[in-house]
């Protein structure tokens, strides 16, 4: 082609296409992230693939790609079976592609094969990265450290009213066999797709604003092996859960692996109904504990009462016994005193009698009659007892008195002793 | 004049004091019947309190079970 020669746009595009086809191999294995994916009514899949500089958060390359309907059906089924997720935005895939160039649409890639093991590995790595980051932040167990109310009644639910699991959860909670009354409140959120992260965080945000009105938060959605749980392998959701002021329980329908959100939750369950059953059992436990406590209380109180009664009876017995003992001792003392008294009275009387006897006998000796009986006499002159011869003169008449009579004499002479 | 009701523990302490007095002290016959009467009154008060408490507890527990 010579300089200055003019060509049409169609010719230029055709030229580029020819050059491309000439110089490029038939196919490439390419790694790229799915930025957009949609299917049309015919079942053809249209994608927007990008390469990202994650450290700068910048897109470094972008291309359109197609998977034709027949291919797409088998590829997507296989991919889903291998990775547990469908082809969707946000994941990185390794695919076999042919470069195509169309005059009207420009460059695009036609995907003929996808290696799911690459995505699985990539997701696992990403997941590990999230876990590592949460661990480094020191927040992995923060929500688990909260304590659940003994009777969790006010339950804030993050789910979609359309989700099958949501209705199951409500049914299990309200129709529990014990008649416990719960107050569930739904905070509507998108539970799958690329808006999941933002939507769930917004719902959690609304609950958090009125956290004091709830006992726990639950994140639930219906399960199934083919549903994509990897939206919950999100650092932002997981971090929000770790910082949440209420215990967060999850029941997002996983069969095998836990999502990162499950891992940081207060407790994770396989299904929404399992969460509801746990809440009912928790309440049953609480009621049983209360019944036990009430019965221990009764036993304790009865024990205290009966020991107080025993103490009282013992005091009563001791008081009565002591009082009776004192009375008896005093009585005995009294008896002893009386006896002593009696004994000493008798002694005194006897002694007095003896003294009296002695005195009597002494007096008996002094009686003049007695004395005269023993031969002594009494001399009188003119009726007057004479004690010595001093009052007597010769010729005086004296009378000598005997026990048995008297004699009258005349004094011849007197003399004195000495 | 309304007298403040004597407490259970106070009453038991009273009984014990009286008992200690007649058990260990020089017994005084003039005071003995007075002391025993006092102790008996205190015991009666305690009994009454125990019975009332027991009935109250049973009532409360019955309330709980209904």
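Here, each number is a calculation from the coordinates, and none is a lab measurement. Computed from a predicted structure; not experimentally measured. Cβ sites come from the backbone with ideal geometry, for glycine too, and all protein chains shown count toward neighbours.
Note on chain A: with a GNM built from Cα contacts shorter than 10 Å, the maximum mean-square fluctuation among A:398, A:207, A:114 falls on A:398.
Centroid-to-centroid, using Cα positions, the stretch A:358-397 and the stretch A:242-285 are 146 Å apart.
What residue among A:123, A:386, A:293 shows peak mean-square fluctuation when chain A is described by a Gaussian network model with Cα springs under 10 Å? Taking springs between Cα atoms under 10 Å, the residue moving most is A:386. The alpha-carbon positions of the stretch A:49-178 define a convex hull whose volume is 201 Å³ per residue. Checking the a/c ratio against 1.5 first, then a/b against b/c, what shape does the Cα gyration tensor give for the stretch A:76-115? Because a/c hits 1.5 or more and a/b exceeds b/c, the stretch A:76-115 counts as prolate. Counting neighbouring beta carbons within 10 Å and listing from fewest to most, the residues B:46, A:286, A:45 come out as A:286, A:45, B:46. One equal scatterer on each Cα of the protein assembly as shown, no solvent, Debye formula: the resulting log10 I(q)/I(0) at q = 0.09 Å⁻¹ is -0.87. The residues A:79, A:28, A:187, when put in order of fewest to most other Cβ atoms within 10 Å, stand as A:28, A:187, A:79.
For the protein assembly as shown, what is the mean residue ellipticity at 222 nm derived from helices alone (per DSSP H run of n ≥ 4: -39500 (n - 2.57); sum divided by total residues; nearest 500 deg cm²/dmol)?
Helix contribution divided over all residues of the protein assembly as shown: -17500 deg cm²/dmol.
Taking the C-alpha atoms only, the angle from helix A:196-209 to the longest principal axis of chain A is near 30 degrees.
Between the stretch B:1-61 and the stretch A:336-350, the alpha-carbon centres lie 45 Å apart.
Residues A:48, B:26, A:360, arranged from fewest to most other Cβ atoms within 10 angstrom of their Cβ, appear as B:26, A:360, A:48. Overall size of the stretch A:175-269 from C-alpha positions, given as principal axis extents largest first: 35, 31, 21 Å.
For the stretch A:1-78, taking Cα atoms only, Rg and Dmax work out to 17.4, 53 Å respectively. Of the Cα atoms belonging to the stretch A:275-372, the radius of gyration and Dmax stand at 41.9, 144 Å. Shielding of peptide A:317-324 by partners, expressed as the average count of other chain Cβ atoms within 10 Å per residue Cβ, is 6. Relative to the longest principal axis of the Cα atoms of chain B, helix B:8-24 runs at roughly 20 degrees.
Using the average count of surrounding beta-carbon atoms within 10 Å as a protection proxy, the listed peptides B:49-55, A:37-43, A:239-245 rank, highest first, as A:239-245, B:49-55, A:37-43.
Counting only other chain Cβ atoms within 10 Å of each residue's Cβ, the peptide B:7-14 averages 1.
Does chain B classify as rounded, prolate or oblate by the C-alpha gyration tensor (a ≥ b ≥ c root eigenvalues; a/c under 1.5 gives rounded; else a/b over b/c gives prolate, otherwise oblate)? Cα axes put chain B in the prolate bin. Of the residues A:306, A:268, A:74, the one that moves most in a GNM of chain A with alpha-carbon contacts below 10 Å is A:306.
When a/c reaches 1.5 or more, the comparison of a/b and b/c decides; with that in mind, is the stretch A:142-226 rounded, prolate or oblate per its Cα gyration tensor? Oblate shape, in that a/c is at least 1.5 and b/c is the bigger or equal ratio. Taking the longest Cα principal axis of chain A as reference, the axis of helix A:164-174 is set at about 20 degrees.
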